[in-house]
Amino acid sequence: MKSLIRSVIGIVFLAQLATAAAADKLKIGHDSWIGYAAAMVAREKGLFAKQGLKVQTVAFSGPGDTLPPLIAGHLDVAFTTLQNLALMAGKTDQSLVAIYLLDTSNGADAVVATKDISSPAGLKGRKVAVTFNEVNHMLLLAALDQAGLKPGDVQMVDMPADEGGAAFLAGNVDAAVTWEPWVTKAKSSGGNTIFTSADTPNLILDAVVVRRETLARNSKALAKLIQGIDAGFVYMTAKPDESRKILANWLKVSLEDVDGMLAGDKIYDIAANRALMGTSANPGPAYESMTRVIEFVKTRGLIDRNLEPEQLIERKLIGG
């Protein structure tokens with residue numbers, strides 16, 4: 001009998017250990033974007049491990065590609081844009097939420113055009129590569145609105161941002177809405193940058209997105225993830241040269257390209273997140289950004305339900 005009791009106790013103890021271990025592991029989906037720099041530096045330098053967290057990262061081709069496997073339960077965390085969060089949240093029964101803001105594009109996304117086009121007004125009647133219903137589509141609409149143009153005033157060609165950049169360099173389109181390193185390549189080839197994400201602050205925000213079920217079940221590990229990302233930000237600030245090399249290796253680009261990418265992006269730490277999210281009584285700028293992207297996906301008929309910013313942003317893990 002004692003032997004049986006010991007065996008049962010041992011099984012329960014091992015099960016508890018397994019549960020605890022599982023709670024300190026996260027599988028993260030991401031694409032290759034400079035805005036995730038703090039997280040990737042943290043991964044390379046073992047800063048998540050110092051928080052007692054094991055992370056497994058899985059690369060995808062674009063920020064929207066991380067959400068279907070997140071919803072299916074194949075990922076615990078997705079790095080993606082607020083626009084993709086709103087799009088998916090409006091089409092699925094799964095409750096998704098942003099728990100941390102990684103960065104905002106501050107020039108790294110741009111409308112590049114041939115040398116004879118010097119402003120968004122010059123796009124009228126021209127062929128423009130853009131990814132329909134994605135964040136660079138939002139950027140193009142903002143550029144056209146600034147110039148007093150309507151979407152129908154340009155010839156939009158639907159293609160991914162990387163392909164758009166390549167098509168522009170090949171001379172197949174007059175302009176493209178793309179991102180780094182294609183923006184730098186376009187300028188180097190004599191093209192003009194006529195509108196960037198810096199012209200419309202916080203339009204393109206990237207976030208750590210999870211299912212609310214995961215947040216409720218595994219908040220301890222998610223808090224460690226946020227602390228690790230913040231530690232990566234601190235490391236980048238303290239050791240920029242080493243961090244540049246890490247990022248160049250990860251993105252498979254030159255150090256000069258990394259410099260250009262970082263110059264066009266604003267990466268956030270926990271303190272910035274507290275300012276961006278604000279409080280329940282006084283919501284911060286992130287809620288305005290969320291409102292803008294919800295309006296975008298609604299007006300284009302891309303979602304089937306009404307959404308409010310408060311449904312999609314959760315600030316409890318950033319403290320303050």
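So W179 ticks every box in (1) buried (at least 17 other Cβ atoms within 10 Å of the Cβ); (2) within 25 Å of D31 (Cα to Cα); (3) among the hydrophobic types (A, V, I, L, M, F, W, C); (4) at pLDDT 90 or above but one. Which box is left unticked?
With (1) buried (at least 17 other Cβ atoms within 10 Å of the Cβ); (2) within 25 Å of D31 (Cα to Cα); (3) among the hydrophobic types (A, V, I, L, M, F, W, C); (4) at pLDDT 90 or above applied to W179, the lone miss is (4).
Within region 123-164, restricting attention to residues that are among the small types (G, A, S) and within 16 Å of A110 (Cα to Cα), which residue is modelled with the lowest pLDDT?
Residue satisfying both the conditions and the ranking: A161.
Filter region 100-127 for residues that are surrounded by fewer than 22 Cβ atoms within 10 Å (Cβ to Cβ) and under 25 Å from the mean Cα position of the chain (by Cα); which is farthest from T178 (Cα to Cα)?
Initially, region 100-127 is screened for residues surrounded by fewer than 22 Cβ atoms within 10 Å (Cβ to Cβ), giving 106-107, 114-119, 121-122, 124-127.
Then drop every residue that is not under 25 Å from the mean Cα position of the chain (by Cα), which leaves 106-107.
Working: N106: 13, G107: 11 Å.
Across region 100-127, the extreme among qualifying residues is N106.
Which one of these is charged (D, E, K, R) and touching a strand residue (DSSP E or B) at 6+ places or on another chain (Cβ under 8 Å): D259, D265? Lay out the reasoning, then the answer.
Values: D259 fails: touching a strand residue (DSSP E or B) at 6+ places or on another chain (Cβ under 8 Å).
Every option except D265 fails the conditions.
If I ask for residues that are among the small types (G, A, S), closer than 25 Å to A110 by Cβ and either out of contact with any Leu (no Cβ under 8 Å at 6 or more places or on another chain) or modelled with pLDDT under 95 (or both), which ones from region 230-271 would you list?
Passing the criteria: S243, S254, G260, A263, G264.
Answer yes or no: is there a residue in region 160-170 that is in a loop (DSSP other than H, G, I, E, B) and closer than 22 Å to T81 by Cβ.
Scanning region 160-170 turns up at least one residue that is in a loop (DSSP other than H, G, I, E, B) and closer than 22 Å to T81 by Cβ.
Could you please find all residues in region 168-215 being of a type in the set (A, V, I, L, M, F, W, C), under 30 Å from P69 (Cβ atoms) and over 15 Å from the mean Cα position of the chain (by Cα)?
Listed by number, the residues that qualify are A176, V177, W182, V183, L215.
The values are calculated or read from the model by the stated rules, or taken from the named source; none is laboratory data. Remember, it's a predicted structure, so these values are computed and weren't measured experimentally. Glycine also receives a Cβ, built like all others from the backbone with ideal geometry; neighbour counts cover every protein chain displayed.
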